[in-house]
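Values quoted throughout were computed directly from the atomic coordinates according to the rules given, and no laboratory measurement underlies them. Just so it is clear, the model here is predicted, and its values are computed rather than measured. Quick reminder, even Gly has a Cβ in these numbers, built from the backbone with ideal geometry, and neighbours come from all protein chains shown.
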Amino acid sequence: MEIASLALQVTIAASIWLVWVLRHDNIVTEFQHFGFSNLFRDFIGAIKISLAALLIAGIWFPALIPLSALFMAFLMVCAQYTNFRVKNPISKFIPSFALLSLSLCLFALQTGRA
């Protein structure tokens, strides 16, 4: 279970870093499409990058993992709702659904619910 948890932590954190740092131009376009402000986009980005950092810190401090994973899952539910609200095609739902699933799996592993 420890290896599975580590793999999930790294996968989620790397995914957030890739999207919010390396592909930031896509995020700017998406948030404009959603009708959100730049301030809100930056706020969400800061939260997601912070949660990703906490998941990595969880390698050494496991107590950080459950709440970080649960809050990441909450943000992915919000992303699902936003995609639904703007009537995006189903393909746009896949990334946030994948991260939602991974975050919930990590939470379950960490809390003994798996």
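Side notes on the structure shown:
- Sequence of PHE40, PHE107, PHE31, PHE93 once ranked by neighbouring C-beta atoms within 10 Å, starting from the fewest: PHE40, PHE93, PHE31, PHE107
- Formal net charge of residues neighbouring GLN80 (Cβ-Cβ distance under 15 Å; K, R +1; D, E -1): +3
- Order by protection proxy (mean Cβ within 10 Å, highest first), peptides 22-29, 57-64: 57-64, 22-29
- Taking every C-alpha pair closer than 8 Å and separated by at least 6 residues, the mean separation divided by the residue count of the range 1-107 gives a relative contact order of 30 percent.
- With N as its number of residues, the range 2-111 has a Cα radius of gyration that, divided by 2.2 N^0.38 Å, comes to 1.05.
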